[in-house]
1. I need the shape label for region 9-89. Rule: rounded when a/c is under 1.5, else prolate if a/b > b/c, else oblate, with a, b, c from the alpha carbon gyration tensor.
2. In whole Hz, with x marking every Gly and Pro, tabulate ³J(HN,Hα) for region 212-228 from phi via Karplus 6.51 cos²θ - 1.76 cosθ + 1.60, θ = phi - 60°.
3. Please list, in order along region 161-166, the HN-Hα scalar couplings obtained from phi with the Karplus expression 6.51 cos²θ - 1.76 cosθ + 1.60 (θ = phi - 60°), rounded to whole Hz, x for Gly and Pro.
4. I want to verify a result. In a Gaussian network model of the chain, Cα cutoff 10 Å, which of these has the top mean-square fluctuation: 141, 165, 77?
5. If the elastic network links every pair of Cα atoms under 10 Å, which of 23, 168, 195 fluctuates the most in the Gaussian network model of the chain?
6. When a/c reaches 1.5 or more, the comparison of a/b and b/c decides; with that in mind, is the chain rounded, prolate or oblate per its Cα gyration tensor?
7. If I compute solvent accessible area with a 1.4 Å probe over the protein chains, what percent of it on the chain is carbon and sulfur?
8. ³J(HN,Hα) across region 176-185 via Karplus (A = 6.51, B = -1.76, C = 1.60, θ = phi - 60°), whole Hz, x for Gly/Pro?
Amino acid sequence: MSTSLGQAASDVALYGHWICPFATRVEFALHQRGIDHELIDLPPSAVRGPDFVLPDEFVEHSPKLEIPLVRVGGDYLADSIPVLEWLENRVVAPALLPSDDADRRLVRDRMAWINRHAFRPMIGVYYGTDPDVISQASEALADALAEMGRWTTETGWLAGAEPSLAEAVAMPIHVRMAGLQRLGFTGQLTAEWRAHGDRCRTLAGWPGVEWSDEQTDEFVGRFEAFRRKRQSQHP
Ligand SMILES: N[C@@H](CCC(=O)N[C@@H](CS)C(=O)NCC(=O)O)C(=O)O
């Protein structure tokens, strides 16, 4: 598997922010591939200060004004999963997408599954304001993580014999697990899922996305404040 870029590495830029799980997927893949890039910090609107001005380049090229937005050379793409696939196509040989059709299909199916069955409830846990809703999201997330743990039993990875884009898509769940637990995720993590987390922490992409204790505290604090604000608006 090659990691050489078909594009000068210095030409790659990511508009992202550490708290955004979608941008984290791309940041992980860039680090995992060893793709040198510029990270242009652009906090999501909920985290921006009142004087924050969106850069013109971002406004022009991000159709929904969402991060992640990636520039390679003079080309731009937003939306995490298409961006992950696009970065694969811009390199000499695929590194996080297998070359075999059936293996590639498995990675793609699992990325879509994770998005739907794990990411939605994960976001439901931290954006939840009603305890019943948080608890339902927590249960759904625990079920999804148990299923994803089962996928890893044969090879250690989510889709195939090596880390793939499925790891990039799931990575933000490992990154914020301690924060999710403080915000109401009560599910028991299976041994397989925890072992997958341990394996992910050994990957080249991990140091680029891992959170310090301070970042976990800030994540938790932001969503606790969000809940308090919602509660005061709709007591
Ligand atoms: N489907 C998109 C979702 C991206 C997304 O929701 N990004 C959020 C930040 S985490 C965003 O930029 N929201 C707009 C805003 O904050 O104004 C993806 O997978 O990249």
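1. Working: a/c = 1.78, a/b = 1.50, b/c = 1.18.
Prolate shape, in that a/c is at least 1.5 and a/b is the bigger ratio.
2. 7, 4, 5, 5, 4, 4, 5, 4, 5, x, 4, 7, 5, 5, 4, 5, 4
3. 7, 9, x, 9, 4, 4
4. 77
5. Checking each option, the largest mean-square fluctuation is seen for 195.
6. On the way: a/c = 2.02, a/b = 1.15, b/c = 1.76.
Here the chain falls in the oblate category.
7. Values: 5510 of 11530 Å².
About 48 percent, which is the carbon plus sulfur part of the accessible surface.
8. Each residue of region 176-185 in turn: 9, 4, 4, x, 4, 5, 6, 9, x, 7 Hz.
The values are calculated or read from the model by the stated rules, or taken from the named source; none is laboratory data. Here the structure is a predicted model, which is why all the values come from computation and not from measurement. Accessible surface areas use protein heavy atoms only, side chains included; no ligands, DNA or RNA. Shrake-Rupley method; radii C 1.70, N 1.55, O 1.52, S 1.80 Å.
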